[in-house]
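The values are calculated or read from the model by the stated rules, or taken from the named source; none is laboratory data. Just so you know, these numbers come straight off a predicted model, no measurement behind them. Cβ sites come from the backbone with ideal geometry, for glycine too, and all protein chains shown count toward neighbours. For the accessible areas, the whole protein counts, side chains as well, though only heavy atoms, and no ligand, DNA or RNA atoms are used. Shrake-Rupley method; radii C 1.70, N 1.55, O 1.52, S 1.80 Å.
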Amino acid sequence: MTGEIEELKRLLGRDKVYDDPSVVALYSREASGLEGNGFLVVFPESTSDVSAIARWAYKRRIPIYPQGSATSLSGSAVPGKGVIVSFERMNRIYEISVVDSIADVEPGVRIADLNEALMTKGYMFPVDPASHVVATIGGAINTGAGGMKGARYGTMRDWVNQLEIVVPDEKGTVMRVGCRTVKCRQGLDLVRLIVGSEGTLALVTRAVLRITPLPESSPTVMGFFDNVEDLLAAFTELKTRRYPLLLAEFLDETAVSIAKKGVAGFESVRGHMFLASVESNHEAAERIMDDMVAVLKNHGASIIYTAQSLGEAEEKGLLTIRRRLFPAQIENARRFWGKSNVRVFIEDIVVPPSKLVNAINELKSITEKYGLPYTLGGHIGDGNLHPAVGIVLDDKKVVEKAHEWYVEVMKLAIRLGGSISAEHGIGLLKKDGLRLEMEKLDSIKALDIMKAIKRAFDPLNILNPGKLV
Amino acid sequence: MDYDDVRSRIIEEASKCSYCGFCEQSCPTLPLGPHRGYGPRGRVYLALLFGKKVLTETREFRKSVFTCLLCAACTLNCPAGIDVPNLVRLVRHVLLGEIEAA
Ligand SMILES: Cc1cc2nc3c(=O)[nH]c(=O)nc-3n(C[C@H](O)[C@H](O)[C@H](O)COP(=O)(O)OP(=O)(O)OC[C@H]3O[C@@H](n4cnc5c(N)ncnc54)[C@H](O)[C@@H]3O)c2cc1C
Ligand code: SF4
Ligand code: SF4
């Protein structure tokens, strides 16, 4: 292998290629807790670097594993025996055009950094995974990521106009697919094929993303409910009143009891949390806010907080409570196991919002059987739930139990007409789940088509092999 | 001197890390370095591997450990509440102690 590595160092320059085991280790793990066994990390700084890597990998038949910030929760970013291609140095924002409503960026740009640049122009990139401070555009595109504003703005697949990609062939071919404009009828839609492909089809080297104005106003309410049915009835009523919900978020009572700690003004809250925000203009904001408060009250919310905008909701701590879901899940597991070294297994199912009551109640009864510490949060606006159990890795039985739980939760989603993954993707952890879902839909041939598409892009199966299909 | 108890403390603290990377946004050394090892997430993971004695102390490992400013900016955003600067101090303590002993 030394000869091949030396060749790559010559092609790219020594400062872009690392075989130091410490560095390799740092790029061989992801947030899911999975660890891989890459043997080299390369840091391309341009499309031509990426093309050279793809050419080299094809010639040498060496697997390559693209990576953004490794916050994947599905195993999609964890490398097998091969070369990790980290996009972190390709982090330029080339252009922001308000008139064209686009941002032209490199894949290593972090979502929060893009939004900081956009905010100065009164615009935003609305796909905001909870990991937005660290997650990259390339990672989010390839995961098909979503976020809190999914109810209004969907997921990555709705926000990518054009991609520059490199495929692993003898030339390391560079292509541009899609258009700078939203309207685009360029044959089969390869852009949306790449979105969510988890780095298995092509290396993304540049993206033209859609952007949208920051809402002029966004009246926001947060209420706490004793039972889930009332909370969901309030949510349903807001929908029937035709408000364009910007976000509709849920935390169960366990998560609330932990998340509220240390957030001033929330000491006395208890029950399940419902947070809703509506996009509006200044003139309508007060009327909408009053109406939302009335809806929550009518359905039995005990304490209600309000904010005129998401900025104010941030200042008052409303969003903080929601964002604390992840630390609350960790803390809940620690309390249960009585130790600090715990892991949280986060699920990512989606069900039609009309089935949320069934999903939330059944999740609770399924989890009770397993006797594992449990919290539930989710983006109820789009039906996406993140049930989570806490485990200790040194107890094999517990890990097995969590795995069984995971499978049962996926089956529940399928049974309710939903899907096994809303936004975290398939990776390694949900390949069985994907098969289950396609079987249930009597559409197993779709998996064969996916495999054929993979071969068309990557005939030698050297691009993130073993993931997705 | 036997550093095993210090190593156990390192393992205990570093294994809380979920690799979420939330800490990286506030680290002043990460944007200046060539890789993830110049940020808190990297430092915590390398500390874990060092504590478990599964990593040789390479050049890049030392750079990671000794470029930390111990400023604690990263601790503000860590959902697991990991005390990164203290972890780095412990690793330095063992490393330097072992060098001296040799
Ligand atoms: C605490 C926490 C909260 C999260 N919350 C959310 C959430 O709310 N919504 C959500 O959708 N996800 C969430 N995630 C999952 C994950 O953070 C996101 O999906 C994120 O977009 C991944 O970005 P990344 O840069 O870390 O990508 P990585 O994890 O590095 O990679 C993800 C996938 O993209 C591929 N890839 C990366 N860059 C490229 C490229 N340039 N070309 C080709 N392939 C590439 C990788 O091979 C891999 O398959 C969360 C994760 C954590 C840890
Ligand atoms: S203490 Fe070290 S790792 Fe943490 S922010 Fe400061 S320099 Fe970065
Ligand atoms: S924020 Fe904490 S848990 Fe997350 S990567 Fe950093 S040190 Fe680890």
### Spin-label model distance (nm) - B:Thr67 vs A:Lys81, 7 Å beyond Cα toward Cβ
3.1 nm
### Query
A:Lys260: which lysines have alpha carbons under 20 Å from its alpha carbon, excluding same-chain residues fewer than 8 sequence positions away?
A:Lys316
### Task
Could you pull out every one of the aspartates and glutamates with an alpha carbon less than 16 Å from that of A:Lys183, ignoring same-chain neighbours closer than 8 positions?
A:Asp100, A:Asp158
### Query
Which loop trypsin sites (Lys or Arg not before Pro) in the range A:364-469, with loop taken from DSSP, have no more than 14 other Cβ atoms within 10 angstrom of their Cβ?
none
### Centre separation in Å (Cα based) which lies between the range A:322-368 and the range A:53-124
30 Å
### Query
Which aspartates and glutamates have a Cα lying under 20 Å from the Cα of A:Lys467, excluding residues fewer than 8 positions away in the same chain?
A:Glu30, A:Glu35, A:Asp169, A:Glu198, A:Glu347, A:Asp348, A:Glu423, A:Asp432, A:Glu437, A:Glu439, A:Asp448, A:Asp458
### Per residue accessible area in Å² of the range A:2-88, where ligands, DNA and RNA are left out and the probe is 1.4 Å
33 Å²
### Query
Can you list the residues of the range A:120-157 that have at least 20 square angstrom less accessible area with all protein chains present than in their chain by itself, probe 1.4 Å?
A:Val133, A:Val134
### Query
Taking the Cα centre of the range A:123-192 as the origin and placing charges on Cβ (Lys, Arg +1; Asp, Glu -1), which of A:Val166, A:Met148, A:Thr136 is farthest toward the positive end of the dipole?
A:Met148
### Task
Working with all protein chains in place, sort A:Ile330, A:Ile444, B:Ile99 by solvent-accessible area computed with a 1.4 Å probe, largest first.
B:Ile99, A:Ile444, A:Ile330
#### Entry: In degrees, nearest ten, helix A:282-298 long axis to first principal axis of chain A (Cα)
60 degrees
### Message
With the cut-off at 1.5 for a/c, could you classify chain A from its C-alpha gyration tensor as rounded, prolate or oblate?
### Response
prolate
### Query
List for the range A:70-90: residues with 10 Å² or greater reduction in accessible area, all protein chains versus chain alone, probe 1.4 Å?
A:Ala70, A:Thr71, A:Glu88, A:Arg89
#### Entry: Summed buried accessible surface, chains B and A, 1.4 Å probe, nearest 100 Å²
2500 Å²
#### Entry: Unit charges at the beta carbon, dipole of the range A:325-451: most positive-side option, A:Pro373, A:Gly418, A:Val350
A:Pro373
### Task
Over the protein assembly as shown, with every protein chain in place, what whole percent of the accessible area is carbon and sulfur at 1.4 Å, could you tell me?
52 percent
### Query
Comparing the chain by itself with all protein chains present, which residues of the range A:11-27 are at least 10 Å² less accessible (probe 1.4 Å)?
A:Tyr18, A:Asp20, A:Pro21, A:Ser22, A:Val23, A:Ala25, A:Leu26, A:Tyr27
### Query
Going 7 Å from the Cα of A:Glu286 in the Cα-to-Cβ direction, what parts of the range A:187-224 have a backbone nitrogen less than 14 Å from that spot?
none
### Query
So what is the calculated 222 nm ellipticity per residue for chain B, using -39500 (n - 2.57) for each DSSP H run with n of 4 or more, over all residues, to the nearest 500 deg cm²/dmol?
-15000 deg cm²/dmol
### Query
Quick one: what Rg and Dmax do you get for the range A:2-88 from the alpha carbons, in Å?
12.1, 35
